Amino acid sequence: MRPIFLALLWSLPLLANAQEDKPRSWSLDGYIKNMQTLLFFNDAYPDLKQGVLADTFLQDNLIHHRLNFRWLMTDELRLRADLRTRVFYGDLVRATPGYGDAIDNVNNDYFDLSLVLLDENAWVMHTMIDRFYLEYFKGPWEVRLGRQRINWGISTVWNPNDIFNAFSFTDFDYEERPGSDALRVKYYTGFASSVELAVRMFDDFDEATIAGMWKFNTGTYDIQVLGGYDRNFLVAGGGWAGNLGDAGLKGELTYFFPLKEEQEEAFAATVGIDYSFENALYLNGGYLYNSSGSTRASVTNLFDFELSARNLYPYRHAVFAQVSYPFTPLLNGGAAFIYSPVDVHALFVNPTLTLSVAENWDLDLVGQVTFDKEERGYVSPIQAFFLRLKYSY
């Protein structure tokens, strides 16, 4: 396991050589959240003792603290370091063998920047540095080295262009999204145009991701084109964002050509349109084609499938619809739906309600309900409800 201090060494030479006569500017902020979770399994929970699927109800809890540090070391050099610490406790932890190890393996990259501080019968405490990079910026140049989010996605729900940091729509409690240990160099060729090269750190070339992107503007549209290599696949893709009348129109597509015979080619494409009315009602819709997706898998796979830019959703087809509306300046509500027109007719329903309780305090009620077609008919195997209180400072 690669020790944490190796990542810290990235910054030491620059820290030591920073000019003492330059002004220093730093900031420290973050948040703390407490989330209560209710999970209902309708003949969908794996009973390890009986070796069957069963009905059950689980109550779980999560305390989530984030600390964000920014230091403008010189006029051209900036350091960012963010620490994410979570405490999991409740029925789900108790009922899941190896819960601590499973959490520890998620969202790490080349360097191991995480640590399980506590792993007991029903308690797990985990901490992780999920952003740690130095950034050099001068004129049209930007250079970043370290753990960072290389955000190449354009669309709202699915991002086939996001070959470095794919994320899942269902993981709503991780707003910052995962990062990669990488080198990223960007050069602005104009006000709305740039070229970019990124390389994820690797020991074996089979694990490498090396790609470039060109962004430019034409008319009312921002266009991007990318190409490169991603873990034994040649990658080519692109995307756009602009207006269709008064509505927004976005889309992405990426093709993955395998370099090994045992791998299969993959193609992912998405398009989305959104519109805001004068009364602040917001509508959003989209479609995903995912050649690596299944047509028959249970909707329970939505929470544990192997996520990547080559496989952004468990199903080959998915249709997205979302509506939101601010009932008052302090209360906002909405719902999102993802339907897959495949053999199992999988449906994911995601209602949300957000209340601004006080300055820096927010209360969220979130639901995640699944449906699919089985031999016994159309059923809902999993329902989850979350109550989250967040304080930002």
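If you check PHE256, PHE303, PHE267, PHE277 for being over 21 Å from the mean Cα position of the chain (by Cα) and among the aromatic types (Phe, Trp, Tyr), only one passes: PHE277. Filtered by the rule that a residue be assigned to a strand (DSSP E or B), on the phi < 0 side of the Ramachandran plot and either of a type outside the set (S, T, N, Q) or exposed (fewer than 15 other Cβ atoms within 10 Å of the Cβ) (or both), the range 371-385 gives PHE371, ASP372, LYS373, GLU374, TYR378, VAL379, ILE382, ALA384, PHE385.
Per-residue answers, yes or no, for (1) in contact (Cβ under 8 Å) with a residue 40 or more places away in the chain; (2) in a strand (DSSP E or B):
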site: ALA321; (1), (2): no, yes
site: SER324; (1), (2): yes, yes
site: ALA335; (1), (2): no, yes
site: HIS345; (1), (2): no, no
site: PHE348; (1), (2): yes, yes
site: VAL357; (1), (2): no, yes
site: ASP362; (1), (2): no, yes
site: VAL369; (1), (2): no, yes
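Taking the range 145-181 as the range and being surrounded by 21 or more Cβ atoms within 10 Å (Cβ to Cβ) and farther than 27 Å from PHE303 by Cα as the test, only GLY146 passes.
Of the set (1) surrounded by fewer than 17 Cβ atoms within 10 Å (Cβ to Cβ); (2) more than 27 Å from SER392 (Cα to Cα); (3) aromatic (Phe, Trp, Tyr); (4) under 20 Å from the mean Cα position of the chain (by Cα), all apply to PHE137 but (4). Among residues of the range 72-130 being hydroxyl-bearing (Ser, Thr, Tyr) and touching a residue at least 24 places away in the same chain (Cβ under 8 Å), the one that is nearest to SER25 (Cα to Cα) is THR74.
Selection of the range 144-177 for residues being among the aliphatic types (A, V, I, L, M) and out of contact with any Leu (no Cβ under 8 Å at 6 or more places or on another chain) yields ILE150, ILE154. Against the test of being of a type in the set (Phe, Trp, Tyr), surrounded by 15 or more Cβ atoms within 10 Å (Cβ to Cβ), under 30 Å from GLY242 (Cα atoms) and modelled with pLDDT of 95 or more, the options PHE327, PHE277, PHE337 yield a single qualifying residue, PHE337.
Look at the range 284-302: where a residue is of a type in the set (Val, Ile, Thr), no partner that is surrounded by fewer than 17 Cβ atoms within 10 Å (Cβ to Cβ) and not in a loop (DSSP other than H, G, I, E, B) sits 6+ places away or on another chain with Cβ atoms under 7 Å.
Which of the residues that make up the range 89-118 are modelled with pLDDT of 90 or more, outside any loop (DSSP other than H, G, I, E, B), of a type in the set (A, V, I, L, M) and over 18 Å from ASP171 (Cα atoms)? Scanning the range 89-118 gives LEU115, VAL116, LEU117, LEU118.
Taking the range 119-173 as the range and being in a loop (DSSP other than H, G, I, E, B) and of a type in the set (Phe, Trp, Tyr) as the test, the residues that pass are TRP152, TRP158, PHE164, PHE167, PHE169, PHE172.
The values are calculated or read from the model by the stated rules, or taken from the named source; none is laboratory data. Quick caveat, the model's predicted, so the values are computed rather than measured. All Cβ positions, even for glycine, are placed from backbone atoms using ideal geometry, and neighbour counts span all protein chains on display.
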